[in-house]
Amino acid sequence: MPATSPAGLSRRGFLAAGGGLSLAAMLGLSGCGDSSSPSSGKAADTLALLLPGDAPTGWEAILAKVNEKLKKDLGFAIAPQFVAWSNYQQQSLLKFTAGENFDTALQARWLNMIQLVASKSLVPVDDLISKYPNLSKTLDPQLLEQNKWSGKLYGIPQVNSAARFHHFTVRQDLADKLGAGELSTFDQLEKFWYDVKQKEKLTPIGISSNMPDLLVAFAPVGWLNQHDWENPHVSVQTFSGGSLPFYLAQDGKSTGSAKPIPFWEAPGVVDALRKVRKYYLDGIINKDALNVDSSTIKSQFESGRIATRWAMTDGLSSQSLTPLRKAVPTAQIANVVPLRGGKDAKPNQTFQADNFVVLNVKGRSNERAMQLEDWVSIKENHDLLSYGVEGTDWKPVGTDKFQQLSQYSFPGFALCWRQKLELKIKDITPTEEAWFDWAQKYDNFTLDPYASFVPDVTPVKRQDSQVNAAMTQYGNPLWIGAVDVDKGLDNLKKAVDKAGLAELQAEMEKQANTYLKGQ
Amino acid sequence: MSTRTPVRSSLWLGLLAVPAVAFFLVFSYAPMAGLVVAFKEFDISKGLFGSPWNGLDNFRYFFASGDAQRILVNTIVLNVLFLAATLAAGVTLAIMLNEIRGRFFKRAAQSTIFFPYFVSPVVIAIMLQVLLSGPSGSGGVVNDALAGFGLPTVSWYTEPGPWPWILTFVKIWQLGGYMSVIFLAAITSIPEDVYEAGQIDGASRAQMALRITLPLLKPTAAVLLVLGVGRIFYGDFGTIYAIVGDNGTLFPTTDVIDTYVFRSLRQIGDFGTTAAIGLFQSVVGFVLVSTAVLIQRRYSKETSLL
Amino acid sequence: MTSSLAKAAGRTAAKRRSGGWEPFTVVSVIGVALFMLVCLIPFWVILSGSFTDEQTLAGKGYSLIPQPFSTAAYKLIFTGPTLVSAYVASIFITVVGTVLALSITSGLSWVIARRLPYVSRPLAIFAYIPMLFAGGLVPLYLLVTQYLKLQNSYLAVILPLLVAPFLVFIQVSAFRQLPEEILDSARVDGAGEMQIFFRIGLPLSKPILAVVGLFYAVHYWNEWFTALLFISDIHKYPLPLLLQNLISNVTFSQMLPTAAEQSTPVYQLRLALTVVTIGPILLAYPFAQRYFVKGITLGATKG
């Protein structure tokens, strides 16, 4: 699931949204546009849901079945509206701003959740969940605890694993051919990349334009930061996505002071930058990383032109195998998590969910929305909505896997992802399955000392937006190694100093220390 | 100048404009009340009345940024390049098309050159990558050609220098045909007898194009120019962002107001600030257009917009 | 006035065909041919790419021959359940929108072009300001959904784009170039101002009407943003919104379990979408073109 930002926001929409909110004023209504007040009785028979993406193939048939059962069980139906991914952020915010009375929506930190929480547009659900047995049964108490922001839970976290940990998908057939065997350390990976470059003439690593800030200074580990893989205990925070990463002290809890430092002062970071620069110059990573989108990288990986690709512990990267084998019949892929200590490394983890189902304060019936969330937590209902009709759309494989038979695929993470109910795909590779299982257990991780710290950007909004601009200009080329490290870092430092680094750092320190005190 | 039309019938004629005026009032002017948010600290829950005023704070943000000067310069330079290039391309193409006599060839030509207008910026960006960088960022058609001539290859996507020209080329490709259609329609309405004099003088076709057609296209060009001047502070966000994206190495020559604002605010989504920038662009545009119109009226009343 | 028209036509039809190829003609033909080539090659690459297997496309880049041949992207597009209704919606929006827009724009442009005292200049300013100042998305959204209540109506797509100031001024400038003598002679014949507009102004302005109509049509045909805002019923989606969703969905589809056999052809799909969108416009183009090509054909024999 992309913690990275959704691609392709429309500038036109974005700027226009800035035009604000005020026809209402002219026509003498409150700014929130309250006119869509809930009409009694009839309206709440249908819940309006906002879902991202496009209606799945065969959606009408499944929806009819879902509604039929919902009507019987609970006496209401759902009417989801799909909004394309590239417009989802703007459109959902617009609907909140206009005061519409839809019931649930997908929200997240990488969407507009922080603003919506600040403006009290979301219903806190921490006290509600316990009233719904099916729902609370499928949500781990740890998950609920870690996803509280300032003590309140503002949505139902949607996860299919305890932790989210990015790592590598590699072409195992090439590794075997080059005599590297099973890869488990960063050094082995690096050797594999150089061998691939020399002997196989393909691009060893594919990087897309939404990945630069994941490469070096990122929590839980920088993707290409060897230091992090060997010491996976860093806490990194930014005021907003793409802004300057600050490293926070690991012993903050005992000292009471978070001592945030800009990323270049953190151990291992400058070395990692130099290494990435070397990869760039040696042709280990694609030179067009800043201009190529993720679907292109996916396509290239699946056509056998790239040997290593970004992966997440979501159990889905094995999906590339089938198309890849069309291009390279002997292809094998494996997932590599080069932690020192392997599965016993206990790396840091914030357990923050990437997605939440939120309840709209202005929704027609918050109670029914909760009933719905409870209803989709029952295995039978969950499977119907998530996978379709058993036998025609999917069939179970073993006890914990499924095979897709039709084209139906539902964005479950926007409504009904329950870690305990999700099935794995049939073709999951052994290595991916092993790491996916590893990510299911809370005990395999160390709780990040700043796990549920969500910095509030409001006091330093202006500085942050300027630092953000500087980071795109000077940070991105640095992250992917397109510029000389010393010169690039120098330029970056100058730019962020001017943009207000000092204020950001002070504010981060203040907020992080306050957080530590509350722990 | 309108002694011909008596006032009464001019009011009568004014009825023709009523639907359009109603449209503008409802769909353009009424929503403009939204511009007040440029002077407010916007808050979703508080709405318009609740959101506190913050004076010119939202405007300060942009000018406080150290990049403001460079971005303003980029915006103006790129827009002047685009405007001049597309106008020139449109006029040239229209005049050349006018020379072509083969009916089939002319139709085919017109359809073809109009086609790039439909290609989405994303597809343009992909095609540019094929030309300039090739799959996985090394090579590309242009570099292959350069190498073929024994010239040094260029790492286009890390070299900001050539990008104003590359983007201008893209704009010509995109809009050349579109613009030429406007000019063709204008050429069509040039009365025949104008050319007869030239004919008798024994002027060559080139001379006639230069001395007769070109001057008669001036009013149309003037209108397009004035309209373009008003938008000079806007970037062509769609195309520039699709092509350059977040590639910081190209910003020194390609970053314009629209892309800068989009980038720096997309995470925070500060409505007030975006509205302020938009208002700033509008006001500057308004001033520029007014100036342009005044100058134009002074030199040639005939072609004046107003 | 009919006589003056006939006279003009007779004059243009005068058979004055210059004998040889003058250098300027040769230069023009070469110039246009070159520009055509610059436009045609990408078009061909897009067309050929849209039929090329995704794997090859991603691996080897583009080529001029679709090898290996694949219709995967088109299958994906044309198997959508709502494609037919999307075409119908788009055609409706384009036809109704263009007719309305062209009528209203012509009316306004004529009034501005006539330079009527106290009317034309204020109107011109009135029409120009919206080109620069826009209230933004939220007010428009509230206006359409809460005051006009046009959700899920095609009017919600048509109305907000009804008059484009840019095209108003293009048309004004064309109207002003109509020969005054013809209008004057009509007045002498006792024609009213309205009659002049409908009987002389419009018929004489066919080329510019064709151009402005074409631009509106293109605009409506491509419009997806207002549809995104106001149309939530998938059976009412116009084509561009449907395609927009398709491509956006494919880009993000990596996040969902999909039928393992099928991998969405991202590259290929983008190219195929271009073809599918352009196709109908290129088919309709010659109809509009007739008006200005015809004029030009007459013009080209001058000299």
Looking at this structure, is A:Asp427 within 14 Å of chain B (Cβ to nearest Cβ) and of a type in the set (Asp, Glu)?
-> no
Assess whether C:Gly192 counts as being buried (at least 20 other Cβ atoms within 10 Å of the Cβ) and more than 30 Å from C:Leu137 (Cβ to Cβ).
-> no
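Scan A:Trp479, A:Trp435 and give me the residue that is of a type in the set (Phe, Trp, Tyr) and either open to solvent by less than 20 Å² (accessible area, probe 1.4 Å) or within 8 Å of another protein chain (Cβ to nearest Cβ) (or both).
Numbers: A:Trp435 fails: either open to solvent by less than 20 Å² (accessible area, probe 1.4 Å) or within 8 Å of another protein chain (Cβ to nearest Cβ) (or both).
From the options A:Trp479, A:Trp435, the qualifying one is A:Trp479.
Against the definition (out of contact with any Cys (no Cβ under 8 Å at 6 or more places or on another chain), buried (at least 18 other Cβ atoms within 10 Å of the Cβ) and either away from every other protein chain (no Cβ under 14 Å) or at pLDDT below 90 (or both)), how does A:Tyr450 come out, yes or no?
On the way: out of contact with any Cys (no Cβ under 8 Å at 6 or more places or on another chain): yes; buried (at least 18 other Cβ atoms within 10 Å of the Cβ): yes; either away from every other protein chain (no Cβ under 14 Å) or at pLDDT below 90 (or both): yes.
Criteria met by A:Tyr450.
What number of residues within segment B:22-34 are more than 7 Å from every other protein chain (Cβ to nearest Cβ) and open to solvent by less than 40 Å² (accessible area, probe 1.4 Å)? Can you show your working first?
Restricting attention to segment B:22-34, the residues satisfying the condition of being more than 7 Å from every other protein chain (Cβ to nearest Cβ) are B:22, B:25-26, B:29.
Still in the list and also open to solvent by less than 40 Å² (accessible area, probe 1.4 Å): none.
Looking only at that region, the number is 0.
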On the given criteria, is A:Pro124 at pLDDT 90 or above and surrounded by 17 or more Cβ atoms within 10 Å (Cβ to Cβ)?
-> yes
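Tell me, yes or no, whether segment A:368-377 has at least one residue that is modelled with pLDDT of 90 or more and open to solvent by 50 Å² or more (accessible area, probe 1.4 Å). So that I can check it myself, show each step before the final result.
As a first pass, look at segment A:368-377 and keep what is modelled with pLDDT of 90 or more: A:368-377.
Checking the rest, the ones that are also open to solvent by 50 Å² or more (accessible area, probe 1.4 Å) come to A:368.
Yes: segment A:368-377 contains one or more residues that are modelled with pLDDT of 90 or more and open to solvent by 50 Å² or more (accessible area, probe 1.4 Å).
Go through segment C:86-118 and give me each residue that's open to solvent by 30 Å² or more (accessible area, probe 1.4 Å) and more than 21 Å from the chain's Cα centre (by Cα).
Narrowing segment C:86-118 to residues open to solvent by 30 Å² or more (accessible area, probe 1.4 Å): C:87-88, C:91-92, C:95-96, C:99-100, C:102-103, C:115, C:117-118.
C:Arg115, C:Pro117, C:Tyr118 - these are the residues of segment C:86-118 that are open to solvent by 30 Å² or more (accessible area, probe 1.4 Å) and more than 21 Å from the chain's Cα centre (by Cα).
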Go through segment C:145-186 and count every residue that is open to solvent by less than 10 Å² (accessible area, probe 1.4 Å) and more than 23 Å from the chain's Cα centre (by Cα).
-> 3
Which of the residues belonging to segment C:158-168 are assigned to a helix (DSSP H, G or I) and either touching a residue at least 60 places away in the same chain (Cβ under 8 Å) or small (Gly, Ala, Ser) (or both)?
-> C:Ile158, C:Pro160, C:Leu161, C:Leu167, C:Val168
Looking only at segment B:46-65, and only at residues there that are open to solvent by 50 Å² or more (accessible area, probe 1.4 Å) and assigned to a loop (DSSP other than H, G, I, E, B), the one that is nearest to A:Val496 (Cα to Cα) = B:Leu56
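Hey, can you tell me all the residues within segment B:56-70 that are more than 19 Å from B:Ala38 (Cβ to Cβ) and either under 23 Å from the mean Cα position of the chain (by Cα) or in contact (Cβ under 8 Å) with a residue 12 or more places away in the chain (or both)?
B:Asp67, B:Gln69, B:Arg70
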Residues (open to solvent by 40 Å² or more (accessible area, probe 1.4 Å) and assigned to a helix (DSSP H, G or I)) located in segment C:203-233 | C:Pro203, C:Leu204, C:Lys206, C:His219, C:Asn222
Restricting attention to segment C:39-68, which residues are farther than 21 Å from A:Leu324 by Cβ and open to solvent by 60 Å² or more (accessible area, probe 1.4 Å)?
-> C:Leu40, C:Ile41, C:Trp44, C:Leu64, C:Ile65
Looking at segment C:11-38, which of the residues that are among the small types (Gly, Ala, Ser), more than 32 Å from the chain's Cα centre (by Cα) and open to solvent by less than 70 Å² (accessible area, probe 1.4 Å) is modelled with the lowest pLDDT?
-> C:Ala14
Considering only residues of segment B:215-258 that are of a type in the set (Phe, Trp, Tyr) and part of a helix (DSSP H, G or I), which is nearest to C:Gln171 (Cα to Cα)?
-> B:Phe237
Give segment A:87-118 a look and list any residue that's closer than 17 Å to A:Phe413 by Cβ and touching a Leu at 6+ places or on another chain (Cβ under 9 Å), or say none.
-> A:Tyr88, A:Gln89, A:Ser92, A:Thr104, A:Ala105, A:Leu106, A:Gln107, A:Leu111, A:Asn112, A:Met113
Selection from segment A:236-261 of residues over 25 Å from B:Arg266 (Cβ atoms) and among the small types (Gly, Ala, Ser) yields A:Ala249, A:Gly252, A:Ser254, A:Gly256, A:Ser257, A:Ala258
Which one of C:Leu132, C:Leu142 is within 11 Å of chain A (Cβ to nearest Cβ), open to solvent by less than 10 Å² (accessible area, probe 1.4 Å) and either closer than 18 Å to A:Asn87 by Cβ or not charged (D, E, K, R) (or both)?
-> C:Leu142
Among the residues of segment A:183-190, is any without any contact (Cβ under 8 Å) to a residue 24 or more places away in the chain, over 25 Å from A:Val361 (Cα atoms), in a loop (DSSP other than H, G, I, E, B) and open to solvent by less than 30 Å² (accessible area, probe 1.4 Å)?
-> no
Kindly provide the set of residues from segment A:204-219 that are open to solvent by 10 Å² or more (accessible area, probe 1.4 Å) and under 19 Å from A:Asp187 (Cα atoms), ordered by number.
-> none
Pull up segment B:100-124, narrow it to residues that are touching a residue at least 40 places away in the same chain (Cβ under 8 Å) and open to solvent by less than 10 Å² (accessible area, probe 1.4 Å), then point me to the one that is farthest from the other protein chains (Cβ to nearest Cβ).
-> B:Ile124
Residues (exposed (fewer than 14 other Cβ atoms within 10 Å of the Cβ) and more than 18 Å from A:Ser318 (Cα to Cα)) located in segment A:396-416 | A:Thr399
Might you check whether a residue that is in a helix (DSSP H, G or I) and buried (at least 22 other Cβ atoms within 10 Å of the Cβ) occurs anywhere in segment B:140-155?
-> no
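Condition check ((1) away from chain C (no Cβ under 14 Å); (2) of a type in the set (Lys, Arg); (3) within 21 Å of A:Ala180 (Cα to Cα)) across all residues:
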{"position": "A:Thr313", "(1), (2), (3)": "no, no, no"}
{"position": "A:Leu316", "(1), (2), (3)": "no, no, no"}
{"position": "A:Pro323", "(1), (2), (3)": "no, no, no"}
{"position": "A:Lys326", "(1), (2), (3)": "no, yes, no"}
{"position": "A:Gln332", "(1), (2), (3)": "yes, no, yes"}
{"position": "A:Leu339", "(1), (2), (3)": "yes, no, yes"}
{"position": "A:Gln403", "(1), (2), (3)": "no, no, no"}
Is there a residue in segment A:245-259 that is surrounded by 22 or more Cβ atoms within 10 Å (Cβ to Cβ), under 30 Å from C:Ser248 (Cα atoms), at pLDDT 95 or above and not assigned by TED's automatic domain parsing to the domain that holds A:Val485?
-> yes
Pull up segment A:150-172, narrow it to residues that are farther than 20 Å from A:Ser235 by Cβ and of a type in the set (D, E, K, R), then point me to the one that is most open to solvent (accessible area, probe 1.4 Å).
-> A:Lys152
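The values are calculated or read from the model by the stated rules, or taken from the named source; none is laboratory data. The model shown is predicted, which means the values in this text are computed figures rather than measured ones. For neighbour counting, all protein chains shown are included, and Cβ atoms are generated from backbone atoms with ideal geometry for every residue, glycine included. Surface accessibility is based on the protein's heavy atoms, side chains included, excluding ligands, DNA and RNA. Shrake-Rupley method; radii C 1.70, N 1.55, O 1.52, S 1.80 Å.
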